[in-house]
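Asks: Quick one: this structure, given as structure tokens, is what I'll be asking you about.
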Amino acid sequence: MTLCIGLTGGIGCGKSTVAGLFAEHGAGIVDTDAIAHHLTQSGGDAIAAISAAFGKDYITVDGELDRAKMRGLIFSDAAAKQRLELILHPLILQQAKQQLRLLQTKHYIIIVVPLLAESPSFRQLVQRVLVVDCDENIQVARVIGRSQMEEAEVRGIIAQQTPRAERLQIADDVIHNDAGMDSLAEQVSVLHERYSARQNSN
Ligand SMILES: Nc1ncnc2c1ncn2[C@@H]1O[C@H](COP(=O)(O)OP(=O)(O)OP(=O)(O)O)[C@@H](O)[C@H]1O
Ligand SMILES: [Mg+2]
């Protein structure tokens, strides 16, 4: 089996940016956010189950998940959030495993899993956990800079996620993303060397 590293971190900490840097080094990348998006697009495998569980109101006229409406629901309704996760997580896991099989020729694979700290079934897929960490104020500023979200909304999402200290406890490796892109690229280069050397040694 190819070495598989789970990449996680809070909202806007830099998971996608880090995955992009590893991809430049030739790593195999599996992105569970992209899989979730694909599953909830028009014709996606999760649409029928979501429509049955939440009603047709949550599907747009184009046949995809009404993401804004669903975000609004699950932000304040923990049971609804769990119901959505029960539909999506097994499908995401299945697709992720399929993609991992296709990437076995790579030296190592980075799988991006925002909910890694909460998901035993994803933890079982990986041999190492890499956490991208940054100061909460920087995190908030970057998310606001990327989207049109209000500060209170971003802080609300952070409050719902696994606490930073708890996430760091499961880390085998940590990338500190408080500085600029140069520092980030340097840290990824160091880990790339290490992961390349470790291939198949697990
Ligand atoms: N070192 C950095 N310097 C400057 N900007 C950065 C840095 N790292 C990330 N960013 C920017 O911060 C924002 C969040 O980064 P990114 O999208 O990679 O985070 P993420 O963890 O994938 O977020 P999400 O949880 O929403 O998927 C992006 O706009 C990205 O370009
Ligand atoms: Mg991302």
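The values are calculated or read from the model by the stated rules, or taken from the named source; none is laboratory data. Predicted model, so just to flag it, every value in this text is computed and none were measured. Positions of Cβ are generated from backbone atoms using ideal geometry, with glycine treated the same way; all protein chains shown enter the neighbour counts. With ligands, DNA and RNA removed, areas are computed over all heavy atoms of the protein, side chains included. Shrake-Rupley method; radii C 1.70, N 1.55, O 1.52, S 1.80 Å.
Asks: Every residue in the range 140-165 that is acidic (Asp, Glu) and assigned to a loop (DSSP other than H, G, I, E, B), please.
Replies: Of everything in the range 140-165, just one residue is acidic (Asp, Glu) and assigned to a loop (DSSP other than H, G, I, E, B), namely Glu150.
Asks: Within the range 46-68, how many residues turn out to be among the β-branched types (Val, Ile, Thr) and either surrounded by 17 or more Cβ atoms within 10 Å (Cβ to Cβ) or in contact (Cβ under 8 Å) with a residue 40 or more places away in the chain (or both)?
Replies: So the answer is 3.
Asks: Just to be sure, is Gln161 within 16 Å of ligand 2 (Cβ to nearest atom), in contact with a Cys (Cβ under 7 Å, 6 or more places away or on another chain), on the phi < 0 side of the Ramachandran plot and among the polar types (S, T, N, Q)?
Replies: Considered against the rule, which asks whether it is within 16 Å of ligand 2 (Cβ to nearest atom), in contact with a Cys (Cβ under 7 Å, 6 or more places away or on another chain), on the phi < 0 side of the Ramachandran plot and among the polar types (S, T, N, Q), Gln161 comes out as no.
Asks: Within the range 1-118, which helices (runs of 4 or more DSSP H) (wholly inside it) include 1 or more residues that are away from ligand 2 (no atom under 16 Å from the Cβ) and modelled with pLDDT under 95?
Replies: Helices (runs of 4 or more DSSP H) meeting the threshold: 67-76, 78-102.
Asks: Residues Arg142, Arg71, Arg83: which one is open to solvent by 50 Å² or more (accessible area, probe 1.4 Å) and either in contact (Cβ under 8 Å) with a residue 40 or more places away in the chain or under 21 Å from Leu7 (Cα atoms) (or both)?
Replies: On inspection, the qualifying residue turns out to be Arg142.
Asks: Identify all residues within the range 166-202 that are outside any helix (DSSP H, G or I) and either under 16 Å from the mean Cα position of the chain (by Cα) or within 16 Å of ligand 2 (Cβ to nearest atom) (or both); write none if there are none.
Replies: If the condition is that a residue be outside any helix (DSSP H, G or I) and either under 16 Å from the mean Cα position of the chain (by Cα) or within 16 Å of ligand 2 (Cβ to nearest atom) (or both), then Ile170, Ala171, Val174, Ile175, Asn177 are the ones that fit.
Asks: Which residue pairs have Cβ atoms under 6 Å apart, sit 6 or more places apart or on different chains, and have a first residue in the range 2-26 that is in contact (Cβ under 8 Å) with a residue 24 or more places away in the chain and a second that is near ligand 2 (Cβ under 9 Å from one of its atoms) and part of a helix (DSSP H, G or I)?
Replies: Close Cβ pairs satisfying both conditions: Leu7/Lys15; Gly9/Lys15.
Asks: Going by what's in this entry, would Gln99 be described as open to solvent by 50 Å² or more (accessible area, probe 1.4 Å), out of contact with any helix residue (DSSP H, G or I) (no Cβ under 9 Å at 6 or more places or on another chain) and on the phi < 0 side of the Ramachandran plot?
Replies: The answer is no for Gln99.
Asks: Sticking with this one: So which residues in the range 165-202 are surrounded by fewer than 18 Cβ atoms within 10 Å (Cβ to Cβ), of a type in the set (Lys, Arg) and at pLDDT 95 or above?
Replies: Correct list: Arg194 only.
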